[in-house]
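Some notes on the structure that comes next.
The values are calculated or read from the model by the stated rules, or taken from the named source; none is laboratory data. Model, not experiment: these values are computed from the prediction. Neighbour counts are summed over all protein chains in view; Cβ atoms, including those assigned to glycine, are modelled from backbone coordinates with ideal geometry.
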Amino acid sequence: MLTEDEKKELFRTLDEEKKEIYRLKSQLNELDQEKESWFKKKNETGNEIKRLIALITSSKVKRDAFSHRIKTSKEGRDKLNQEIKEKISHIKELNVQQQKQQVVHEDPRYLKHTIDRLEFSLETQVMSFEKEKELMKKIKDLKKKLGEAKAVTETRQESRGLSRTIDQLKDEAERLHNTVQETAKESQEIHEQIIASSKRIDELRVQEKDYAEKFKESKKRFSEMNAQLKEHIAAANELSGKFKENAEEGVEFKKRKEEDTLKSMREAVEEKIKKGQKLTNKDLLVMQQTDSI
């Protein structure tokens, strides 16, 4: 059994161990929260990086689609501009041709009506040879004028048709040009977003690495402190075991002492019986209690 001084020393040591266990558990709880906080930040940063990478991927697809649209629109616009140039050149040629053509004031419809009327007269009326010859010459002259008038009219109509076509082509070319500008602006905005997202990813990767290092460091400190806690718990358990063992020894000692006392008392009662002395109630009780000893 332990002496009183040994008990006091054992109790003091156990109390210190319990205080150290409480302190370590408190610090472990704080360290665990810190560790989980770094782990959460690392995961959140990683998820944000994944989101931005997905955004960049989809943005690149859009940008490529815009680039294709710009290329197609430019090709269409350039083709229309080339066609416009060719038609303008053709109009210039027609203008030169109109300047070379003889100016005809008569209406082609009037000339055609006059020719038909004269030819009808030539076929249905009887006239002198000279009159017939004169009429035929007049018809010939009128047909020449009609041909010239038709040529002038056709040239003018072709020129007007080309002008209308050129206006339509210009409108279409302008539409394609606007499409190129608007699409290029949208494509540039997406390109700038991609650059900004890429820059942000670089920043986040630095943060993620920092969070990972801090998490690793906190985890290491947690493991080391947890090992210390286990050591102190084991030490406290060992001290508690000594207390229990000492208590059990005390109980056993007390039991043996009580048995020895009862045995002495029984021997005294037996001695009284031998001497024929009268037994008291206490003596009888002693005999009952010591029957099993």
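Being closer than 30 Å to LYS35 by Cα and at pLDDT 95 or above is the requirement here; does ARG221 meet it? Criteria not met by ARG221.
Here is a check on your reading of the model: is GLN207 at pLDDT 75 or above, in a helix (DSSP H, G or I), in contact with a Ser or Thr (Cβ under 8 Å, 6 or more places away or on another chain) and of a type outside the set (Ser, Thr, Tyr)? It is true that GLN207 is at pLDDT 75 or above, in a helix (DSSP H, G or I), in contact with a Ser or Thr (Cβ under 8 Å, 6 or more places away or on another chain) and of a type outside the set (Ser, Thr, Tyr). Of all the criteria given as (1) surrounded by 15 or more Cβ atoms within 10 Å (Cβ to Cβ); (2) at pLDDT below 95; (3) small (Gly, Ala, Ser), the one not satisfied by ALA65 is (1).
For the range 156-173, a residue qualifies if it is surrounded by 17 or more Cβ atoms within 10 Å (Cβ to Cβ) and under 21 Å from ASP107 (Cα atoms), and exactly one does: SER159. Among the candidates LYS185, LYS87, LYS138, LYS79, the residue that is basic (Lys, Arg), more than 30 Å from ASP64 (Cα to Cα) and free of Cβ contacts under 8 Å to residues at least 40 places away in the same chain is uniquely LYS138. Filtering THR45, THR13, THR3 for residues that are surrounded by 13 or more Cβ atoms within 10 Å (Cβ to Cβ), at pLDDT below 90 and hydroxyl-bearing (Ser, Thr, Tyr) leaves a single hit, THR13. From the list LEU111, LEU118, LEU146, LEU80, the lone residue that is touching an Asp or Glu at 6+ places or on another chain (Cβ under 9 Å), assigned to a helix (DSSP H, G or I) and more than 30 Å from ASN178 (Cβ to Cβ) is LEU146.
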